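Here is the structure we will look at, set down as structure tokens.
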Amino acid sequence: MSLSEKHISLSARSIKSKLPFAIMLPYTRREFAKLSLAALPGVGLWAVMNPLSAAETSAKRGKPNSMVAGVQLGLNVPYSFANPLMSGDDILKNCLQLGLSGVELRTQPVEAFLGVPAYLIDPKNSAAKGAAAANADQRRDWRKSVSMDRVKEFRKKYEAAGVLIEIVKVDGIFKMTDDELDYAFALARTLGGRAISTEISRKDDELKRLGQFADKHQLMVGYHGHATTTPDHWEKAFSFARHNGANVDLGHFVAGNNISPVPFIKQHHDRITHVHLKDRKLNNGPNTPFGEGDTPIAEVLRLIRDNQWNIQATIEFEYKIPPGSDRMTEIARAIKYCRDALA
């Protein structure tokens, strides 16, 4: 099967963001997760003083709609904005600016909104290393104290603005205690999520344990794969639990396996929570603007459309921003590519 596709004409470079951004630096996924946790103290204090307000502005401009031909286009946030400091409010405003009605949302902005104590996750704390175990215990106790009513408030703001939190990304999930795992699944469901996402583990016992909790809560876990993740790796995870699923990153799949992800998606569509849309070259090639790499993005989008599968098509923005452009313009360009593919 050929991985090449006709280049879809794009004009979204002219779309310019009117929203202010914090520092936009490229991070690896692992670095981003660490920075997100480190950023929580400041964001948490800000969030307590500044409740979400974007829902009110959406009423003036109309609600976004990125459900195209039955395919929900979404965005991995705040990762795609390259800003782990971003609050739930700013994330929502950016999604409205982009016309997005669905997201994969990390838990950090939610816990910041809920008021996680700063000292529990402050890496600058001089006693952080020595108090790591104690801090973990206190963080666990804090999570036990979280009121899901406040989580409902976060969800309500997003849904009132027209943005669904379909996928909830949980970092560090394999290190969580049983109580914390129950909390993570309750948090995801309360936010309106139909699945949790996390990085796939290489340890069978971790996949088995998390799968048991997924079955208990009857909520899918979409394991995200990188270029080193093979179909066999996901299929082993599937064998451990009914609710173990896959978050297939199309670009990584092509770059690492040097084959199209289409056959795998066809075979296991009922296990796929969402796909990450990015374009990469074969043979561990680089990320490229959509339509310039070897990844069959348009083919997968049409496959989801034609089969009416409940698979969010989640843009994960990673390619280098061209000179003279900016992040919001390029994300808008990627969204337009997907819309055109589904037209």
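The values are calculated or read from the model by the stated rules, or taken from the named source; none is laboratory data. Since this is a predicted model, take the numbers as computed values, not measurements. Cβ placement follows ideal geometry from the backbone for every residue including glycine, while neighbour counts extend to all protein chains displayed. In case anyone asks, the SASA skips ligands and DNA or RNA and just uses the protein heavy atoms, side chains included. Shrake-Rupley method; radii C 1.70, N 1.55, O 1.52, S 1.80 Å.
Residue 159: net charge of surrounding residues, Cβ under 12 Å, Lys/Arg +1, Asp/Glu -1, itself excluded?
Counting the neighbours of residue 159, the net charge comes to +3.
Between segment 233-292 and segment 56-117, what is the C-alpha centre distance in whole Å?
24
Solvent-accessible area per residue for segment 127-208 at a 1.4 Å probe radius, Å²?
Accessible area per residue: 46 Å².
Between residue 239 and residue 145, with labels modelled 7 Å along Cα→Cβ, what's the label distance in nm to one decimal, could you check?
4.5
Fully extended, how many nm does the chain gain between residue 69 and residue 159 (0.36 nm per residue separation, minus their Cα-Cα distance)?
So the chain would gain 30.3 nm between residue 69 and residue 159.
Go through segment 205-288 and name the trypsin sites (Lys or Arg not before Pro) that are in a DSSP coil and have 14 or fewer other Cβ atoms within 10 Å of their Cβ.
Filter output for segment 205-288: 242.
Could you tell me what percent of the DSSP beta bridges with both partners in segment 206-343 are antiparallel, to the nearest 5?
15
Net charge near residue 339: determine it from the other residues with C-beta under 14 Å of the C-beta of residue 339, scoring Lys and Arg +1 and Asp and Glu -1.
Residues close to residue 339 contribute a combined charge of +3.
Based on the Cβ-Cβ distance of residue 269 and residue 226, what FRET efficiency does E = 1/(1 + (r/R0)^6) give at R0 = 25 Å, to the nearest 0.05? Don't jump to the answer; show the numbers that get you there.
Values: r = 21 Å, r/R0 = 0.84.
The computed FRET efficiency comes out at 0.75.
How charged is the neighbourhood of residue 145? Take every other residue with its Cβ under 15 Å from the Cβ of residue 145, and add Lys/Arg as +1 and Asp/Glu as -1.
That sum, taken over residues with Cβ under 15 Å, equals -2.
Quick one: if you stick a label point 7 Å off each Cα along the C-beta vector at residue 259 and residue 310, how many nm between them?
2.9
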